[in-house]
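Nothing in this text is a laboratory measurement; each read-out follows from the coordinates by a stated rule. What you see is a predicted model; the values in this text were computed from it and never measured. All Cβ positions, glycine included, derive from the backbone under ideal geometry; neighbour counts span all protein chains shown.
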Amino acid sequence: MKIAIFANKRAKSQAVKKKLYQKFVERHFVIDDKEPDVVVTIGGDGTLLSAFHHYEDKLEQVRFVGVHTGHLGFYTDWRDDEIDDLVISLQSDNRQSVSYPLLEVSVKYADSPRRERYLALNESTLKRNSATMVTDVYIGGELFERFRGDGLCVSTPTGSTAYNKSLGGAVVHPNLEVLQIAEIGSINNRVFRTLSSPMIVAPNDWITFRPGKGSDFVLTVDSESYHNRQICEIQYKVSKRRIYFAKYRHTHFWRRVQDAFIGTEDENRMDL
């Protein structure tokens, strides 16, 4: 098995990386950063997002394993004090995996005849820097509304627990291959109206944004941002590609939600 170790720059993560590297070498794993079978990330969800984009062109051959060196994340199943167990699990690997849907982002710029395509694990947003953003929103090719406000967010099911949730969006189980649109600071009055509610869009539909003229729009795809180009149109749809996680000890999705936002029963128990 060929292993790549992808860690953030924090001292604790680097120390775990060094220890894990030594254990892999001792057990005769092949360390291969270019063509790995499994990518072990060390840090948190942000580190795994970076690893996802680093190996984006190899998603069909790579499985990810997340080790967290801080708080439990949605993509990290192992703690930094469990790396011995992780190595044992890798030694007895049976190539099982669990996969999550991804978001395909297709952008038509005014200065290019070809569309540029991006892939998101969590979400993509469209915002405007200097003025109210005015954007026509199409669902399945049909005009739905003209949005006015600060911006719009389109998220995947796994990304529904990230920025989308802070915008009041619903938490969606990743078994549902859907998209979600959440508004960012919409303007609603007697003149301008939007739905003013998050929307779950079916996988056979697609979402299209056609913003007004201007080069000060900012497009984000996960943690990457693209700006200073006039956007004619953005299309969002559920990608045919997926991300795969090695299924050694994959935490149930709703347990992740509980751990991240609610805590355990013992932590929340109150004396009556």
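Picking from residues in the range 239-249 that are in contact with a strand residue (DSSP E or B) (Cβ under 6 Å, 6 or more places away or on another chain) and part of a strand (DSSP E or B), the one that is farthest from Y118 (Cα to Cα) is A246. Of all residues assigned to the range 28-42, none qualifies as being part of a helix (DSSP H, G or I) and either within 22 Å of R242 (Cβ to Cβ) or in contact (Cβ under 8 Å) with a residue 24 or more places away in the chain (or both).
L90 meets each of the listed conditions (1) buried (at least 17 other Cβ atoms within 10 Å of the Cβ); (2) under 24 Å from V172 (Cα atoms) apart from (2). Meeting the requirement of 1 or more residues that are hydroxyl-bearing (S, T, Y) and farther than 28 Å from D259 by Cα, the strands (runs of 3 or more DSSP E) wholly within the range 159-238 are 179-186, 207-211, 224-227. In the set S130, S106, S99, S124, only one residue is over 30 Å from F192 (Cβ atoms) and not aliphatic (A, V, I, L, M); that residue is S99. Looking only at residues of the range 90-127 that are touching a Lys or Arg at 6+ places or on another chain (Cβ under 7 Å) and of a type in the set (F, W, Y), we find that the one that is farthest from V65 (Cα to Cα) is Y109. The single condition among (1) in contact with a helix residue (DSSP H, G or I) (Cβ under 6 Å, 6 or more places away or on another chain); (2) assigned to a helix (DSSP H, G or I); (3) under 30 Å from T220 (Cβ atoms) that Q14 does not satisfy is (1).
What is the number of the single condition among (1) over 25 Å from K58 (Cβ atoms); (2) touching a Ser or Thr at 6+ places or on another chain (Cβ under 6 Å) that I139 does not meet? Just one mismatch for I139, condition (2).
Scoring E82 on the criteria (1) in a helix (DSSP H, G or I); (2) of a type in the set (D, E, K, R); (3) in contact (Cβ under 8 Å) with a residue 40 or more places away in the chain; (4) under 23 Å from A260 (Cα atoms) leaves a single failure, condition (3). Here is a list: G43, G66. Which entry is within 22 Å of the chain's Cα centre (by Cα) and on the phi > 0 side of the Ramachandran plot? Criteria check complete, one pass: G43.
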